[in-house]
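Peer 1: Dropping a structure here in structure tokens format, bear with me for questions.
Values in this text are rule-based calculations from the coordinates and carry no lab data. The model shown is predicted, which means the values in this text are computed figures rather than measured ones. Here the Cβ positions follow ideal geometry from the backbone for every residue, glycine too, while neighbour counts run over all protein chains shown.
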């Protein structure tokens, strides 16, 4: 399967590892900065690989190569434009989070990909964490009974040095703030576990310590789902002195689970009314990870390859990416308007938050 990578920044190494682990034919790589390409390929011992063609223009790359799959790992503000270009050229794509910066663009990605029969995968790789998969299996088996509520806490640290690495970070047009960048994976998991159908969101965001950014460094919200469950979101980059945790709680009539670790990679609590000996392996489960991105990219790529070959929907499809984005944008809109926001959103963008702080 012929593959190309667009964007060679911080997350790109995880994509290259997934490509190599899945045996894809890596035919082209693109970044507006040639040095980024050189550094990325060298990191994986691919700097002398003549079969990997290098580009600074993704449109030229697409025109000159027959591609089955492209991954988009550029700055967030460019995701939708590049994804739609790939879709229009019949190229299946994996899009890093967030899938877009506006609900209109996300809806268009969903619509156009379905119209043209192109597979689009939203890169919410934490869905493939072992702990997350075990929670989902228990949920699908009905072991929680009626759901009461859930919560996600992303308590991380991001310093001035982090934001200085790339000028697009923390800006409304190209990135958004803590909720959109760092916390959207946890927000995706929360919405997915609690039934996807959100009725109303009330949120508050602030910029407490990062006054050199445009966007928020702390956001909190209460979410009401159509199935009656409620949930809370806490996402921040203000934790001193380093990343503390990313936790996901799910509370049901007959079960309680807490996922922990730095990126929902551990099971801290696993309790069910119908417990069996098979549950013992989940109590205290820890999945070792080398960074906050976890191990899920390889599994996400494997699923995407199979989805293309078997002509089925990816496990994390464009609708999943759209739904995670919508929940973040709903919190933003609630902050801007000072009142609860009903879903679905019809029109809202991160750019609508310009000047908020």
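Peer 1: With 10 angstrom as the radius, rank 56, 298, 74 by how many other C-beta atoms surround their C-beta, starting from the fewest. Write out the running numbers ahead of the final one.
Peer 2: Working: 56 13, 298 18, 74 24.
Ordered by Cβ neighbours within 10 Å, fewest first: 56, 298, 74.
Peer 1: Can you classify region 1-105 as rounded, prolate or oblate using the Cα gyration tensor, where a ≥ b ≥ c are the square roots of its eigenvalues, rounded means a/c under 1.5, and otherwise it's prolate if a/b beats b/c and oblate if not?
Peer 2: Working: a/c = 1.64, a/b = 1.41, b/c = 1.17.
Because a/c hits 1.5 or more and a/b exceeds b/c, region 1-105 counts as prolate.
Peer 1: Over the chain, what is the relative contact order in whole percent, taking alpha-carbon pairs under 8 Å and six or more residues apart? The partial results should precede the final answer.
Peer 2: On the way: 791 pairs, mean separation 73.8, N = 357.
With pairs under 8 Å counted, the relative contact order is 21 percent.
Peer 1: Please state the relative contact order of region 160-278 as a whole percent: Cα pairs under 8 Å, 6+ residues apart? Don't skip to the end; give the middle numbers.
Peer 2: On the way: 196 pairs, mean separation 21.7, N = 119.
So the answer I get is 18 percent.
Peer 1: Right, another one. What percentage of all Cα-Cα pairs in the chain are separated by more than 32 Å? Can you show the working numbers first?
Peer 2: Working: 18595 of 63546 pairs.
For the chain, the fraction of Cα-Cα distances above 32 Å is 29 percent.
Peer 1: Still on this structure: Compute the acute angle (0 to 90°) between the alpha-carbon long axis of helix 34-43 and the principal axis of greatest extent of the alpha-carbon atoms of the chain; round to the nearest 10°.
Peer 2: 70
Peer 1: Hey, rough spin-label estimate for residue 280 and residue 54, points 7 angstrom out along Cα→Cβ, what's it come to in nanometres?
Peer 2: According to this spin-label approximation, the distance is 5.5 nm.
Peer 1: I'd like the distance separating the alpha-carbon centroids of region 219-269 and region 194-212, in whole Å.
Peer 2: 14
Peer 1: Once the Cα atoms of helix 296-310 and of the chain are each reduced to a long axis, what angle between those two axes, in degrees from 0 to 90 to the nearest 10, is obtained?
Peer 2: The angle comes out near 70 degrees.
Peer 1: Listing 15, 149, 297 from the residue with the fewest other Cβ atoms within 10 Å to the one with the most, what is the order?
Peer 2: Numbers: 15 27, 149 17, 297 24.
Ranked by crowding around the Cβ, least crowded first: 149, 297, 15.
Peer 1: Taking only Cα atoms of region 111-270, what ratio of Rg to Rh do you get with Rh as the Kirkwood inverse-distance radius? Mind showing how you got there, number by number?
Peer 2: Numbers: Rg = 16.7 Å, Rh = 16.8 Å.
Rg/Rh for region 111-270 comes to 1.00.
Peer 1: Pull out the extension gain between residue 310 and residue 89, defined as 0.36 nm times the separation in residues minus the alpha carbon to alpha carbon distance; nm, one decimal.
Peer 2: Numbers: separation 221, 0.36 × 221 = 79.56 nm, distance 2.03 nm.
Fully extending the segment from residue 310 to residue 89 adds 77.5 nm.
Peer 1: Let me ask another. Please work out how much length the chain gains when fully extended from residue 42 to residue 342, using 0.36 nm per residue of separation minus the C-alpha to C-alpha distance, in nm with one decimal. Present the calculation step by step, with values, prior to reporting the outcome.
Peer 2: Values: separation 300, 0.36 × 300 = 108.00 nm, distance 4.81 nm.
Separation in residues times 0.36 nm, less the Cα-Cα distance, equals 103.2 nm.
Peer 1: Okay, next question. Which distance in nm do the two modelled labels at residue 291 and residue 354 give, with both placed 7 Å along the Cα-to-Cβ direction?
Peer 2: 3.2
Peer 1: Here is a follow-up. Using only Cα atoms, tell me the angle between helix 103-116 and the longest principal axis of the chain; keep it within 0 to 90° and round to the nearest 10.
Peer 2: Helix 103-116 sits at roughly 60 degrees to that axis.
Peer 1: If I model a spin label at residue 33 and residue 20 as a point 7 Å from the Cα along the Cα→Cβ vector, what separation in nanometres do I get?
Peer 2: A separation of 2.2 nm, rounded to one decimal place.
Peer 1: Give the separation of the Cα centroids, region 287-324 to region 42-114, in Å.
Peer 2: 15
Peer 1: I've got another one for you. For residue 165 and residue 273, what is the calculated FRET efficiency with R₀ set at 51 Å and r taken between the beta-carbons, to the nearest 0.05?
Peer 2: The computed FRET efficiency comes out at 0.60.
Peer 1: Something else: Rounded to the nearest 5, what % of DSSP beta bridges with both residues in the chain are antiparallel? It would help to have the intermediate numbers written out before the result.
Peer 2: Working: 39 of 66 bridges.
Taking every DSSP beta bridge within the chain, about 60 percent pair in antiparallel fashion.
Peer 1: Right, here's the next one. Determine the gain in length on full extension of the stretch residue 253-residue 137; use 0.36 nm per residue of separation and subtract their C-alpha separation, reporting nm with one decimal. Don't skip to the answer; put the middle values down first.
Peer 2: Working: separation 116, 0.36 × 116 = 41.76 nm, distance 1.65 nm.
Contour length minus Cα-Cα distance gives 40.1 nm.
Peer 1: Arrange 79, 44, 153 by Cβ neighbour counts within 10 Å, fewest through most, would you? Before the final figure, lay out the partial values.
Peer 2: Details: 79 30, 44 15, 153 20.
Listed from fewest to most nearby Cβ atoms, that is 44, 153, 79.
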